[in-house]
Amino acid sequence: TPVQIKEFGAVSKIDFSPVPPYNYAVTASSRIHIYGRYSQEPIKTFSRFRDAAYCATYRDDGRLLAAGSEDGGIRLFDVSGKAPLRQFEGHTKPVHVVGFLSDKYRIFSGGDDYSSNLWDIPSATEIISYSEHTDYVRCGCASKVNADVFITGSYDHTVKLFDARAKSSVMTIEHGHPVESVLLFPSGGLLVSAGGRYVKVWDVLKGGQLLVSLKNHHKTVTCLCLNSSGQRLLSGSLDRHVKIYSTTSYKVVHSFNYATSILSLALSPEDETIVVGMTNGVLNVKHRKPEEKNEKSQKKRQPAYRTYVKGRTYMPKQEDFCVSKPVKRVLRKYDKLLRSFQSSKALDAVLEPPIMLHTPEVTVAVMQELHRRGTLRSALAGRDEKQVNLLLTFVARRVIEPRFTPVLVTVADMITDIYQPVVGQSAIVDKQFLKLQEAIGKEIDYQEELLEVLGMMDTLFATFTKKRDTCLEENKSNGLTEIIETNRNY
């Protein structure tokens, strides 16, 4: 059951500490609250803001917390203290984006004055300022692989990649809508941007090539999140839904529904807790259900001995009605494979020597069923030398049997069509093709001889019929008795 916590205003940012006990910082209105994983009351509060606070973010060691503010200042807090350790002044408008570079000694920021700045923590001075965006900078993230790289997203529909060693951005990506959230995969090679109704995945190593565009939300996507393994991507939206995508297929594998529009989203480092912040100031916390270890089911008490021998010695009486135990129907291996539409494996199952030798009708029946389904060709294709040899041996031996000929001729045609390009590469397969040709040649010779014999017999039968008709006409005048006599003599 989710836990509902009421904040003073809309929850704009949630960030989990990367170190145990995995507390999380919630930015709402002019305060930053620190919650324990299972606490419903804040265990610490930072309220030294004259106006709204934004984007409280932990450093990688969990000891420092940085946040932007409405007045354009950036404050750096020690998690164990209360007063700010450092204040960074330089932005002229509200700062909505703050984050640490992976070297832990620099901070990047983005504000409504269209600028993206880099700061030095020890000296509290500005290192460099980039003014390349043409609208509010509202999201950003830092690379965990390269300590000089950070990314910002803006309402000017662009995502820019900055390198602290360069004086301008090194890459610009056109998202197509005001960018609300950006995210880098742990490897640093893939970038995810969210804006409008779209979540887009870009390949940074290929110069910002678009890999996939997802449109599963009905309203603006406001936040993104990755799980600890990088196999699941989460997106929250104003349409009150959190969608969970598989990062291998980029298809939605699960969805959560909430009461109001979602502004922020975070997942604990060990994927045990999901926290969602909404526009009405409610914080929704869901915990993964713990796995119950039922020891009683493992040590199940066995029935007593009398249970097994009960009724064994009972002799039925004359008026008793005996009910036989239903016989469980066990399917053959090839039947199970056919039911699960595994055509190639079903064919393999009936090409085993015991079935081919003793019950060839089963093998042919499966081939006929596969042909009826239209999957016989795919089942015959892609086989190695040994399997093709086995198939040709069976076909050459059984194709001359009249009951199997219609099906096996079709099979022989398909095998010839499929494996014609590789003829000459295997002496064993070539030998079997020659045997098949010889068997069919002999059968054709037998058929020709049989047709000749049938022609002779047809001629003889025709001759006998004419003689009989002549005898009947001559004796017609002698009456019925003579006709009968003639028939008897004949």
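The values are calculated or read from the model by the stated rules, or taken from the named source; none is laboratory data. All values derive from a computational prediction rather than experimental measurement. Ideal geometry is used to build each Cβ from the backbone, glycine not excepted, and the neighbour counts take in all protein chains shown. All accessible areas refer to the heavy atoms of the entire protein, side chains included, with ligands and DNA or RNA removed. Shrake-Rupley method; radii C 1.70, N 1.55, O 1.52, S 1.80 Å.
What number goes with the only condition from (1) within 30 Å of residue 431 (Cβ to Cβ); (2) touching a residue at least 12 places away in the same chain (Cβ under 8 Å) that residue 373 does not pass? Condition (1) is where residue 373 drops out.
The residue of the range 55-91 that is most open to solvent (accessible area, probe 1.4 Å), among those that are among the polar types (S, T, N, Q) and either under 19 Å from residue 117 (Cα atoms) or in a strand (DSSP E or B) (or both), is 87. Scanning the range 409-429 for residues that are open to solvent by less than 40 Å² (accessible area, probe 1.4 Å) and more than 39 Å from the chain's Cα centre (by Cα) returns 426, 429. Within the range 142-157, residues that are under 19 Å from residue 196 (Cα atoms) have Cβ atoms under 7 Å from residues that are among the β-branched types (Val, Ile, Thr) and surrounded by fewer than 24 Cβ atoms within 10 Å (Cβ to Cβ) in these pairs: 156/134, counting only partners at least 6 apart in sequence or on another chain. Go through (1) open to solvent by 50 Å² or more (accessible area, probe 1.4 Å); (2) within 21 Å of residue 398 (Cβ to Cβ) one by one and return the number of the condition residue 315 breaks. Among (1) open to solvent by 50 Å² or more (accessible area, probe 1.4 Å); (2) within 21 Å of residue 398 (Cβ to Cβ), the lone unmet condition for residue 315 is (2). Based on what the data block shows, is residue 472 at pLDDT 90 or above, open to solvent by 40 Å² or more (accessible area, probe 1.4 Å) and not assigned by the TED database to the domain that holds residue 343? When the stated conditions are applied, residue 472 does not pass them.
Can you find a residue that is polar (S, T, N, Q), within 19 Å of residue 111 (Cα to Cα), open to solvent by less than 20 Å² (accessible area, probe 1.4 Å) and assigned by the TED database to the domain that holds residue 274 anywhere in the range 225-247? No, the range 225-247 contains no residue that is polar (S, T, N, Q), within 19 Å of residue 111 (Cα to Cα), open to solvent by less than 20 Å² (accessible area, probe 1.4 Å) and assigned by the TED database to the domain that holds residue 274.
Kindly provide the set of residues from the range 430-459 that are among the β-branched types (Val, Ile, Thr) and under 50 Å from the mean Cα position of the chain (by Cα), ordered by number. Within the range 430-459, just 440 meets the criteria.
Just one of the listed residues (289, 219, 251, 215) is basic (Lys, Arg) and within 30 Å of residue 19 (Cβ to Cβ), and it is 289. Within the range 30-38, not a single residue is hydroxyl-bearing (Ser, Thr, Tyr), farther than 22 Å from residue 119 by Cβ, surrounded by fewer than 17 Cβ atoms within 10 Å (Cβ to Cβ) and touching a His at 6+ places or on another chain (Cβ under 6 Å).
In the set (1) assigned to a strand (DSSP E or B); (2) closer than 15 Å to residue 277 by Cβ, the condition left unmet by residue 42 is number (1).
Per the listing 253, 282, 275, the residue uniquely touching a residue at least 60 places away in the same chain (Cβ under 8 Å), open to solvent by 10 Å² or more (accessible area, probe 1.4 Å) and either at positive phi or among the β-branched types (Val, Ile, Thr) (or both) is 282. Residues in the range 259-272 that are free of Cβ contacts under 8 Å to residues at least 60 places away in the same chain and crowded, with 17+ Cβ neighbours inside 10 Å: 261, 262.
Here residue 327 clears all of (1) open to solvent by 60 Å² or more (accessible area, probe 1.4 Å); (2) at pLDDT 90 or above except the condition numbered (2).
Residue 231 falls short on exactly one of the conditions (1) within 27 Å of residue 272 (Cα to Cα); (2) touching an Asp or Glu at 6+ places or on another chain (Cβ under 7 Å), and that condition is (2). Out of 339, 288, one residue alone is exposed (fewer than 13 other Cβ atoms within 10 Å of the Cβ) and farther than 30 Å from residue 413 by Cα. It is 288. When restricted to residues that are among the hydroxyl-bearing types (Ser, Thr, Tyr), assigned to a strand (DSSP E or B) and surrounded by fewer than 20 Cβ atoms within 10 Å (Cβ to Cβ), the range 92-125 contains 1.
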